[in-house]
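> Mind having a look at this structure? Questions to follow.
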Amino acid sequence: MATIGMSTLSLGPDCEIEGAIDFAIEHGFKALELSSYHLWPARLRVQDVRSLRVHGATHGIEYSIHFIHRGVAPCSHDTGKRAKHLDELIATMHLAHEIGARVVVLHPGLVDHPDVVPEESAEPLRQEAIAHFGEFLRSATPVAEETGTVICVENLFHKPGYVIQTYQELVDTVKRIDSPLVKITLDTGHARLSGGLVDAYQAFGPFLRHIHIHDSDAVRDHLEIGVGNEDWLEHVSALREYPFTITMEVVNDADPEGCVLRSSQALHTLLAGDVL
């Protein structure tokens, strides 16, 4: 059965790591993901890293890190920008090794060309961006092998401007790298608003290594589980059989902690075989 975890995303961008650890320990979470709000190697102090390592070992907490996504373009046509982001990803993988995290989540992002608005990028430009992303992943793979870190590429939206437009394109990108340390993160809300969650499970298959879960109302995602209208019963058998970590990315600015706890209860209820 999967380990149910939470993301610091749920506690807001100003969440301090000690507070997140204390919350996870108090409420019995066995997995904690550092969100994409920050470039964590630049944010954490030496004592923060030590605290993560110690608490992870003593309380059996599995860590993952979501690589920063704002302003980051691993598919960029700008070689200097790609090199900068690669250095940041490498630093994140080394941090993952320090704290015992096994997964670093990566967004492919948008087409990034200095002369083109992403939403207006032509198909040849998008195909070039996919090739750049492959180069980016190949360059990061030796460090993944060195640190024992799995790079998990997350499915985003199939909308104009995004580099990856289908589930098959994501699978093909990962397959071309041909490394056991390059896999896929399934984001349930992104899937609901793109190609569908059932098709995502089927497409990602053996490449699936990590799940982000949150509810959706078909317009918004990152909702508290049980608040949206996702048909969880359609997917519950796959969730029950999933062997790794399912990380909740639920957001309620008015009641962040309550949102996490209610979502956790709803998810455990669902996996236990009851109806939400």
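> When residues of the range 191-240 are filtered for being closer than 22 Å to Arg262 by Cα and either of a type in the set (S, T, N, Q) or in a helix (DSSP H, G or I) (or both), how many remain? Steps first, answer last, please.
At the first step, the residues of the range 191-240 found to be closer than 22 Å to Arg262 by Cα are 192, 210-240.
Add one more test, that the residue is either of a type in the set (S, T, N, Q) or in a helix (DSSP H, G or I) (or both), and what stays is 192, 216, 229, 232-234, 236-240.
The number of residues fulfilling the criteria is 11.
> Within the group His85, His132, which residue is farther than 16 Å from Tyr162 by Cβ, surrounded by 15 or more Cβ atoms within 10 Å (Cβ to Cβ), in contact (Cβ under 8 Å) with a residue 12 or more places away in the chain and not β-branched (Val, Ile, Thr)?
Going through His85, His132 in turn, just one is farther than 16 Å from Tyr162 by Cβ, surrounded by 15 or more Cβ atoms within 10 Å (Cβ to Cβ), in contact (Cβ under 8 Å) with a residue 12 or more places away in the chain and not β-branched (Val, Ile, Thr): His85.
> Kindly evaluate Thr173 against the criterion of being closer than 26 Å to Ala101 by Cβ, hydroxyl-bearing (Ser, Thr, Tyr) and at pLDDT 95 or above.
Yes: the conditions hold for Thr173.
> Could you tell me which numbered condition Pro13 fails, if it satisfies all but one of (1) within 20 Å of Val104 (Cβ to Cβ); (2) in contact (Cβ under 8 Å) with a residue 60 or more places away in the chain?
Status for Pro13: all satisfied but (2).
> Farther than 19 Å from His97 by Cβ, out of contact with any strand residue (DSSP E or B) (no Cβ under 8 Å at 6 or more places or on another chain), surrounded by fewer than 19 Cβ atoms within 10 Å (Cβ to Cβ) and not small (Gly, Ala, Ser), is that true of His38?
For His38, the condition - farther than 19 Å from His97 by Cβ, out of contact with any strand residue (DSSP E or B) (no Cβ under 8 Å at 6 or more places or on another chain), surrounded by fewer than 19 Cβ atoms within 10 Å (Cβ to Cβ) and not small (Gly, Ala, Ser) - is not met.
> Just to be sure I understand the filter: pairs with C-beta atoms under 7 Å, separated by 6 or more residues or on different chains, first member in the range 41-56 and modelled with pLDDT of 95 or more, second member not in a helix (DSSP H, G or I). Which pairs pass?
Partner pairs satisfying both residue conditions: Leu52/Tyr63; Arg53/Gly100; His55/Ile61; Gly56/Tyr63; Gly56/Gly100.
> Looking at the range 248-266, is at least one residue basic (Lys, Arg) and over 17 Å from Leu32 (Cα atoms)?
Scanning the range 248-266, I find no residue that is basic (Lys, Arg) and over 17 Å from Leu32 (Cα atoms), so the answer is no.
> Can you work out which of the residues in the range 65-82 that are in contact with a helix residue (DSSP H, G or I) (Cβ under 8 Å, 6 or more places away or on another chain) and in contact (Cβ under 8 Å) with a residue 40 or more places away in the chain is surrounded by the fewest Cβ atoms within 10 Å (Cβ to Cβ)? Outline the logic, then answer.
Within the range 65-82, the first condition is being in contact with a helix residue (DSSP H, G or I) (Cβ under 8 Å, 6 or more places away or on another chain), and the residues that meet it are 65-68, 72-77, 82.
Still in the running and in contact (Cβ under 8 Å) with a residue 40 or more places away in the chain: 65-67, 74-77, 82.
On the way: Ile65: 24, His66: 28, Phe67: 24, Pro74: 27, Cys75: 28, Ser76: 24, His77: 18, Arg82: 21.
If we take residues in the range 65-82 being in contact with a helix residue (DSSP H, G or I) (Cβ under 8 Å, 6 or more places away or on another chain) and in contact (Cβ under 8 Å) with a residue 40 or more places away in the chain, then His77 is surrounded by the fewest Cβ atoms within 10 Å (Cβ to Cβ).
> Return the residues of the range 237-266 that are of a type in the set (A, V, I, L, M), more than 17 Å from Gly12 (Cβ to Cβ) and crowded, with 17+ Cβ neighbours inside 10 Å; say none if nothing qualifies.
Scanning the range 237-266 gives Leu239, Ile246, Ala266.
> For residues in the range 186-200 being in contact with a strand residue (DSSP E or B) (Cβ under 7 Å, 6 or more places away or on another chain) and over 17 Å from Lys175 (Cβ atoms), which is surrounded by the most Cβ atoms within 10 Å (Cβ to Cβ)?
Start the filter on the range 186-200 by keeping residues that are in contact with a strand residue (DSSP E or B) (Cβ under 7 Å, 6 or more places away or on another chain), which leaves 186-188, 200.
Next, only the ones that are over 17 Å from Lys175 (Cβ atoms) stay: 187-188.
Values: Asp187: 27, Thr188: 25.
Here the residue is Asp187.
> While we're on this one: Assess whether Val117 counts as being modelled with pLDDT of 95 or more and crowded, with 19+ Cβ neighbours inside 10 Å.
For Val117, the condition - modelled with pLDDT of 95 or more and crowded, with 19+ Cβ neighbours inside 10 Å - is not met.
The values are calculated or read from the model by the stated rules, or taken from the named source; none is laboratory data. Just so we're clear, the structure is a prediction, and the values are computed from it rather than from any experiment. Every residue, glycine as well, gets a Cβ built from its backbone with ideal geometry; the counts of neighbours run over all protein chains shown.
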